[in-house]
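Remarks on the structure that follows.
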Amino acid sequence: MELAKRLNKLPPYLFVEINQRIAELKARGEDIISFAIGDPDLPTPPHIIEHMCQAAHDPTNHRYPETAGLPELRQAIAEWYERRFGVTLNPAKEVLPLIGSKEGIGHIALCFIEPGGLALVPDPGYPPFSMGTILAGGEPYFMPLKEKNDFLPDFEAIPGEVADRAKVMWLNYPNNPTGATAGIDFFEKAVRFAQQHDLAICHDAPYTEVAFDGYKPPSFMQAAGAKKIGVEFHSLSKTYHMTGWRIGMVAGNVDMVDALFRVKSNLDSGIPQAIQYAAVEALRGSQQHIAEHNAILQQRRDKLLKVLSEIGLKARIPKATFYIWAKIPQGYTSMDFTKKLLDEAGIAVTPGTGYGKEGEGYIRLSLTIADDRLEQGINRLLAWHRRRG
Ligand SMILES: Cc1ncc(COP(=O)(O)O)c(C=O)c1O
């Protein structure tokens, strides 16, 4: 058997070593507290589950769904964009439901990337931006996200011939892993840059509803000209605590949405309809839990930031996302420091280099951890710090 060579181009999975170490420690009976996973710990709100259960009993929902998604769901997505961002979308042509946004993020590379083609990708960044590009036969050109630039890419630093050769640029705000946010002015700058170099923009925005201190992150689709050259990926995963149900969407430029639909209609058969009905209820029903969850996350954020500063790990206060991007002390690599926390404090975090080489010098901590475990984790970090003197 000979596997396709493209598989050799995928970089080794960086978390293998850490995951093995966690498994070994657990097998020895050690209790590991994990700040490593970006998956809401609180359950899907009950009214959403209720709708899913009702829909699951209906035999019409037991059959193959359409790749295009239920018209009712497309309509609910368009209404949500209008209500939340004041963005008007044609539900038939400018909206496409996805089997979780990750699926669409991976597949859209097939719409833009020729063998050897370039995609502009943020570093650090959500890995599927570059992995989708590589699997489509292309190459990522990494745009460093530096703290001194507020973790925004510096478009002027991208060589003109690279920008001209590239077909697509990936952006993601509120950002995983840095927790940085971007305003409409930045998105408009990105649109101008894309127009100059004939680029498509894919903006990934699953964290617009996870925000603190009264901040309301904008959508890329609010930027003037965004619909002419770009789409936005969004998701019900983080807003409605529905990571396990797998449902998201893409919205924006009609040709880009249609191109992704053409790829997907040849590869998948849509989202189970009971889950689509649950999504309709999520988008149209009560949104009260969002503020409640954000209040819980904000408290966790503040507690954890206080302790990190006490133990000498500097981090900016994130206005959105459930991630803290903390600077580690000099003299360690992200990986060494991650292993040290695991071995000496029983605390799992994500090394910054898991998101690209610019992540060196950082670790990511997620706030999706139950309050009692967070308290235990905080106590462990303080005790570990005292032990080190
Ligand atoms: C930046 C970013 N984009 C997309 C996703 C994928 O979300 P979904 O559950 O919709 O596939 C995640 C999940 O962690 C994410 O962090």
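Summary table
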quantity: Centroid-to-centroid separation of region 174-228 and region 240-304 [C-alpha atoms, Å]; calculated: 18
quantity: For region 92-100, 3J(HN,Hα) per residue [Karplus equation, 6.51 cos²θ - 1.76 cosθ + 1.60, θ = phi - 60°, Hz, x = Gly/Pro]; calculated: 7, 10, 10, 9, 9, x, 10, 7, x
quantity: Carbon + sulfur, % of accessible area of region 124-168 - ligands and nucleic acids excluded, 1.4 Å; calculated: 55
quantity: Over region 250-389 - Rg/Rh using Cα atoms and the Kirkwood inverse-distance radius; calculated: 1.11
quantity: Interchain or long-range residues, amide H under 5 Å from I201's placed H; calculated: M169, G230, V231
quantity: Summed residue charge, Cβ within 14 Å of A36's Cβ, Lys/Arg positive, Asp/Glu negative; calculated: +2
quantity: GNM result for the chain, Cα springs below 10 Å: residue of G160, G270, G356 fluctuating most strongly; calculated: G160
quantity: Entries of K5/K167; K5/K93; K5/K227; K146/K227 with Cα pairs more than 26 Å apart; calculated: K5/K93; K5/K227; K146/K227
quantity: Per principal axis, descending, Cα span of region 265-323 in whole Å; calculated: 51, 31, 14
quantity: Per residue, in Å², the accessible surface of the chain once ligands and nucleic acids are set aside, probe 1.4 Å; calculated: 45
quantity: Within the accessible area of region 225-295 (1.4 Å probe), percent carbon and sulfur; calculated: 53
quantity: Lysine pair number, Cα distance threshold 25 Å (strictly under), region 259-349, separation 8 or more or different chains; calculated: 16
quantity: Percent breakdown of C-alpha pair distances by 10 Å bin, ordered from the shortest bin, for the chain; calculated: 5, 22, 31, 27, 13, 2, 0
quantity: Residue-wise HN-Hα coupling along region 186-192, computed from phi with Karplus coefficients 6.51, -1.76, 1.60 (Hz; x: Gly, Pro); calculated: 5, 4, 5, 5, 5, 4, 5
quantity: Under 13 Å from K9, Cα to Cα: aspartates and glutamates that are on another chain or at least 8 residues apart; calculated: E139
quantity: Cβ-defined net charge surrounding A56, 14 Å radius [Lys, Arg +1; Asp, Glu -1]; calculated: -2
quantity: Taking the convex hull of Cα positions in region 28-133, its mean projected area over all directions (nm²); calculated: 12.3
quantity: For the chain, calculated [θ]222 nm from helices alone, where every DSSP H run of n ≥ 4 adds -39500 (n - 2.57); calculated: -13000 deg cm²/dmol
quantity: The chain: antiparallel DSSP beta bridges as a percent of all, rounded to 5; calculated: 50
quantity: Residue-count net charge about Y277 - beta-carbon cut-off 9 Å; Lys, Arg +1, Asp, Glu -1; calculated: -3
quantity: Using θ = phi - 60° and Karplus 6.51 cos²θ - 1.76 cosθ + 1.60, couplings along region 199-212 (whole Hz; Gly, Pro as x); calculated: 9, 8, 10, 10, 9, 10, 9, x, 9, 5, 9, 9, 8, 10
quantity: Fluctuation leader among E139, E344, E281 - the chain, Gaussian network, Cα springs under 10 angstrom; calculated: E344
quantity: Long-range HN-HN contacts of M143 with modeled amide H, under 5 Å; calculated: V121, D123
quantity: L98 long-range amide H proximity, modeled H, under 5 Å; calculated: G248, M249, V250
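The values are calculated or read from the model by the stated rules, or taken from the named source; none is laboratory data. Since this is a predicted model, take the numbers as computed values, not measurements. Neighbour counts are summed over all protein chains in view; Cβ atoms, including those assigned to glycine, are modelled from backbone coordinates with ideal geometry. When the accessible area is computed, the model is the full protein with side chains, heavy atoms only, and any ligands, DNA or RNA have been set aside. Shrake-Rupley method; radii C 1.70, N 1.55, O 1.52, S 1.80 Å.
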